[in-house]
Structures are given as C-alpha cells and as structure tokens.
Ligand SMILES: CC(C)(COP(=O)(O)OP(=O)(O)OC[C@H]1O[C@@H](n2cnc3c(N)ncnc32)[C@H](O)[C@@H]1OP(=O)(O)O)[C@@H](O)C(=O)NCCC(=O)NCCS
C-alpha cells in the first residue's frame, strides 16, 4: 500500500462521495463543489490510497496546526474494498507515517459520531476517547452526540 498526492480535486471528490462520506455533511446545505472546496481547503493534505494498481480510497489530515503540531485524520475506503483490513493499515500509515514521522505532529484528534464505523480503527491505533460532544450534528432528523478521540505523543 502507498499514498499518492491528489492533483485533481474533482476525482477525489467523486471518490469521497462514493465511499459514503458525503452523507456526513450533506445537511449543511452546501452544494457539492463548495463543500469539497472547503474540505480540501488550506491547512490540509489529502492522498489517494493505492493498493496494487488500484485507488481504493482517500486519506487526509485536516486543520493542520503547524505551531501546536495538531491535526485531524480523515479517511474513506471505497465500499467494495471495506472490511478487508485496508482501512486500519491506511489509517496507521496516515497518522504515524505521514502525520507523526514526516510532518512531526504530536497530537492527532478525531471527532466521530456515536454511530460511526471507526471506533475499532481508533482503538486499535491507540487513540483514547477524551469525551462526549453532546448533540454535535444533525442527522436523520435529530441531533446526535459526537465523541472526541485523540492520540497524543508520549501519552499512549
Ligand atoms: C471506517 C472505514 C474507513 C473502515 O475501513 P475498513 O477498510 O472497512 O476497515 P478495516 O477492514 O481495516 O477494519 C478495521 C476494524 O474496524 C472494524 N469495522 C470496519 N468497518 C466497520 C463497520 N462498518 N462497523 C463496525 N466495525 C467496523 C473492523 O471489524 C475491524 O475490526 P476487527 O479487526 O476487530 O474486525 C470505512 O468503513 C469507510 O471508509 N467508511 C465510510 C467513510 C467513513 O465513515 N469514514 C470515517 C469517518 S472520517
């Protein structure tokens, strides 16, 4: 598995949407292009995940704060490639290969919704739950809680 820098935002956007991640922010009422421009805004870096010859998903570090050395990892694996172990492998490569070793980050934080498929991925990568974010996001007609997970250098 390796990562390739994203040059063509439109292709990355299509991939992200097809992995189902679009549903998490469609309620903001932004059109697709605007939402994606905001997603790929400055202070973030995004990469395709390549397995063999194929693009199987996308990873990103968002809101990179170079002073505090904090960022937020994100990822989406294409539906037909999920549950095969690629997500965990890519997530750890993103966090520790790119984030900690290359960029020098010391804190990685991820806010997930309580019904997210990412719990095990975070647990298995040494992230700890730091708290509940009450009624964080509007989904399916109601506000649901979020959870703040973090990995902190020297703490895990
Ligand atoms: C979350 C996601 C990245 C996981 O990728 P994946 O390649 O399927 O994950 P893996 O196969 O490496 O599985 C890692 C662990 O998570 C668990 N897991 C994966 N998908 C799960 C799901 N939908 N529900 C519950 N657990 C799940 C696996 O069982 C595995 O744990 P195990 O080894 O104890 O069985 C993938 O489902 C995805 O891209 N979803 C859509 C986008 C999204 O929700 N992104 C996260 C928000 S940033």
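Once the piece of chain linking residue 88 and residue 106 is laid out straight, how much longer is it, given 0.36 nm per residue of separation minus the C-alpha distance between them? If you can, show how the numbers build up before the last one.
Details: separation 18, 0.36 × 18 = 6.48 nm, distance 1.98 nm.
Value of the extension gain: 4.5 nm.
Counting other beta carbons within 10 Å of each Cβ, put 48, 16 in order, fewest first. Numbers along the way, then the final one.
Numbers: 48 20, 16 23.
If I rank by nearby Cβ atoms, fewest first, I get 48, 16.
Residue 43 to residue 1: extension gain in nm, 0.36 nm per residue of separation minus the Cα-Cα distance?
Details: separation 42, 0.36 × 42 = 15.12 nm, distance 2.47 nm.
My answer for the length gained is 12.7 nm.
What fraction of the Cα pairs in the stretch 47-156, stated in percent, has a spacing above 21 angstrom?
So the pairs more than 21 Å apart make up 39 percent of the total in the stretch 47-156.
Just to be sure I understand the model, the point goes 7 Å from the Cα along the line to the Cβ. What's the resulting residue 153 to residue 135 distance in nm?
3.9 nm
Counting only the backbone N, which residues of the stretch 97-112 are under 13 Å from the spot 7 Å out from the Cα of residue 62 toward its beta-carbon?
Only 109-112 fall inside the zone, counting backbone N under 13 Å.
No lab work stands behind these numbers, since they all come straight from the coordinates. Everything quoted here is computed from the prediction, not taken from an experiment. Quick reminder, even Gly has a Cβ in these numbers, built from the backbone with ideal geometry, and neighbours come from all protein chains shown.
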